[in-house]
1. If you go through region 36-58 one residue at a time, how many are more than 16 Å from Val25 (Cα to Cα) and modelled with pLDDT of 85 or more?
2. Please specify each residue of region 13-30 satisfying the condition of being β-branched (Val, Ile, Thr) and surrounded by 12 or more Cβ atoms within 10 Å (Cβ to Cβ).
3. Identify all residues within region 36-78 that are hydroxyl-bearing (Ser, Thr, Tyr), surrounded by 11 or more Cβ atoms within 10 Å (Cβ to Cβ) and part of a helix (DSSP H, G or I); write none if there are none.
4. Output the number of the condition that Thr33 fails; it satisfies all remaining conditions of (1) among the polar types (S, T, N, Q); (2) modelled with pLDDT of 80 or more; (3) surrounded by fewer than 12 Cβ atoms within 10 Å (Cβ to Cβ).
Amino acid sequence: MENSKKVRIYKILSTFLVVLPTTFVMSVLSSFTEDTPVENRICELLRSWSFSLPIVYSCVLLLLPLANKITSKILDKK
(Lines give C-alpha, C1' and ligand atoms only; values in the text may rest on other atoms or scores of the structure.)
Protein backbone atom coordinates (compact mmCIF):
# COMPACT_ATOMS: atom_id res chain seq x y z
CA MET A 1 0.00 0.00 0.00
CA GLU A 2 2.84 2.35 0.75
CA ASN A 3 4.31 1.76 -2.69
CA SER A 4 1.06 2.74 -4.45
CA LYS A 5 0.90 5.92 -2.36
CA LYS A 6 4.43 6.81 -3.44
CA VAL A 7 3.53 6.15 -7.08
CA ARG A 8 0.45 8.36 -6.80
CA ILE A 9 2.44 11.19 -5.20
CA TYR A 10 5.10 10.78 -7.88
CA LYS A 11 2.50 11.06 -10.66
CA ILE A 12 0.88 14.13 -9.13
CA LEU A 13 4.24 15.85 -8.62
CA SER A 14 5.54 15.01 -12.08
CA THR A 15 2.30 16.29 -13.62
CA PHE A 16 2.62 19.50 -11.65
CA LEU A 17 6.22 19.94 -12.80
CA VAL A 18 5.08 19.62 -16.42
CA VAL A 19 2.09 21.92 -16.01
CA LEU A 20 3.96 24.67 -14.15
CA PRO A 21 6.44 25.66 -16.89
CA THR A 22 3.90 25.03 -19.64
CA THR A 23 1.40 27.47 -18.15
CA PHE A 24 4.19 29.95 -17.51
CA VAL A 25 5.27 29.90 -21.15
CA MET A 26 1.69 30.29 -22.33
CA SER A 27 1.13 33.18 -19.93
CA VAL A 28 4.29 34.92 -21.12
CA LEU A 29 3.24 34.53 -24.74
CA SER A 30 -0.25 35.76 -24.04
CA SER A 31 1.00 38.77 -22.08
CA PHE A 32 3.30 39.78 -24.94
CA THR A 33 0.58 39.52 -27.53
CA GLU A 34 -1.76 41.81 -25.59
CA ASP A 35 -1.43 45.57 -25.78
CA THR A 36 -0.66 46.16 -22.12
CA PRO A 37 1.57 48.95 -20.91
CA VAL A 38 5.10 47.92 -20.00
CA GLU A 39 4.66 48.82 -16.33
CA ASN A 40 1.65 46.49 -15.99
CA ARG A 41 3.16 43.57 -17.87
CA ILE A 42 4.43 41.70 -14.79
CA CYS A 43 1.09 42.05 -13.01
CA GLU A 44 -0.76 40.79 -16.07
CA LEU A 45 1.66 37.89 -16.40
CA LEU A 46 1.20 36.81 -12.78
CA ARG A 47 -2.56 37.23 -12.95
CA SER A 48 -2.77 35.20 -16.14
CA TRP A 49 -0.49 32.51 -14.74
CA SER A 50 -2.37 32.23 -11.46
CA PHE A 51 -5.63 31.91 -13.38
CA SER A 52 -4.44 29.32 -15.88
CA LEU A 53 -2.44 27.09 -13.53
CA PRO A 54 -5.34 25.43 -11.64
CA ILE A 55 -7.41 25.08 -14.82
CA VAL A 56 -4.66 23.39 -16.79
CA TYR A 57 -3.62 21.21 -13.86
CA SER A 58 -7.15 19.88 -13.37
CA CYS A 59 -7.55 19.30 -17.11
CA VAL A 60 -4.30 17.36 -17.26
CA LEU A 61 -5.29 15.23 -14.28
CA LEU A 62 -8.62 14.44 -15.95
CA LEU A 63 -7.24 13.79 -19.44
CA LEU A 64 -4.03 11.96 -18.59
CA PRO A 65 -5.68 8.57 -17.89
CA LEU A 66 -7.60 8.82 -21.16
CA ALA A 67 -4.43 9.68 -23.06
CA ASN A 68 -2.64 6.72 -21.47
CA LYS A 69 -5.46 4.34 -22.50
CA ILE A 70 -5.47 5.60 -26.08
CA THR A 71 -1.68 5.40 -26.28
CA SER A 72 -1.60 1.84 -24.96
CA LYS A 73 -4.32 0.79 -27.43
CA ILE A 74 -2.42 2.33 -30.35
CA LEU A 75 0.87 0.73 -29.34
CA ASP A 76 -0.73 -2.67 -28.65
CA LYS A 77 -2.25 -2.79 -32.14
CA LYS A 78 1.13 -2.58 -33.87
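The values are calculated or read from the model by the stated rules, or taken from the named source; none is laboratory data. Bear in mind the structure is a predicted one, so any value in this text is a computation, not a measurement. Here the Cβ positions follow ideal geometry from the backbone for every residue, glycine too, while neighbour counts run over all protein chains shown.
1. If we filter region 36-58 for residues that are more than 16 Å from Val25 (Cα to Cα), which is where we start, we get 36-40, 58.
Now narrow it down to the ones that are modelled with pLDDT of 85 or more: 58.
Of the residues in that region, 1 qualify.
2. Answer for region 13-30, where residues must be β-branched (Val, Ile, Thr) and surrounded by 12 or more Cβ atoms within 10 Å (Cβ to Cβ): Thr15, Val18, Val19, Thr22, Thr23, Val28.
3. Pass one, region 36-78, residues hydroxyl-bearing (Ser, Thr, Tyr): 36, 48, 50, 52, 57-58, 71-72.
Those left that are additionally surrounded by 11 or more Cβ atoms within 10 Å (Cβ to Cβ): 36, 48, 50, 52, 57-58.
Result: Ser48, Ser50, Ser52, Tyr57, Ser58.
4. Condition not satisfied by Thr33: (2).
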